[in-house]
Amino acid sequence: VRHGLMLVGPTGGGKTSCYRCLQKSMDAAEGYPKVKMVALNPKAVTLGQLYGEFDKNTHEWTDGTLANYMRQMSADTTNAKKWIMFDGPVDAIWIEN
C-alpha cells in the first residue's frame, strides 16, 4: 500500500524533528514493525538526477536517486515500514512529476 503525506510549516518549525520522532517512537514500540527511512532534499539535485533521465547522445537511461531508493526499498522483504522522505522546500516542478 502506498500513501503520501505532506508536512507543511515554516522553516525551523520542527517538521523534520516531527517525522524523526515518529520513526523512533514506532521503532521503540513493542510488537510494531520497524521503520526504514531515507530522507533526501529534492531541491539539492536536478530533476534528471532525482527521477532519472535519457541521454540523447548515448541513448541510455540513467536512473535517478528516487528510482534507486524505490528499488532498494522494494527489494527489502522484511515487514518493516518503508519511508522515502522529501525533506526540503516544496517546488511545483518536482511535486507534479
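The values are calculated or read from the model by the stated rules, or taken from the named source; none is laboratory data. Predicted model only: the values in this text are computed from it and were never measured. Reconstructed Cβ throughout: ideal geometry from the backbone, glycine too, with neighbour counts over all protein chains shown. The area values use the complete protein model at the heavy-atom level, side chains included, leaving out ligands, DNA and RNA. Shrake-Rupley method; radii C 1.70, N 1.55, O 1.52, S 1.80 Å.
Yes or no, residue by residue, for (1) more than 29 Å from Lys34 (Cα to Cα); (2) polar (S, T, N, Q); (3) out of contact with any Cys (no Cβ under 9 Å at 6 or more places or on another chain):
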{"site": "Asp55", "(1), (2), (3)": "yes, no, yes"}
{"site": "His59", "(1), (2), (3)": "yes, no, yes"}
{"site": "Thr62", "(1), (2), (3)": "yes, yes, yes"}
{"site": "Tyr69", "(1), (2), (3)": "no, no, yes"}
{"site": "Ser74", "(1), (2), (3)": "no, yes, yes"}
{"site": "Thr78", "(1), (2), (3)": "no, yes, yes"}
{"site": "Lys81", "(1), (2), (3)": "no, no, yes"}
{"site": "Val90", "(1), (2), (3)": "no, no, yes"}
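Those helices (runs of 4 or more DSSP H) of the stretch 1-84 in which 1 or more residues are touching a Lys or Arg at 6+ places or on another chain (Cβ under 9 Å) occupy 15-28, 65-75. Restricting the stretch 46-78 to residues that are over 13 Å from the mean Cα position of the chain (by Cα) and open to solvent by less than 50 Å² (accessible area, probe 1.4 Å), the residue that is farthest from Glu96 (Cα to Cα) is Asp76. Figure legend. Inter-residue proximity from the stretch 6-20: first residues under 14 Å from Phe86 (Cα atoms), second residues in a loop (DSSP other than H, G, I, E, B) and open to solvent by 60 Å² or more (accessible area, probe 1.4 Å), beta-carbon distance below 6 Å, spacing 6+ or different chains. Indicated pairs: Lys15/Leu7.
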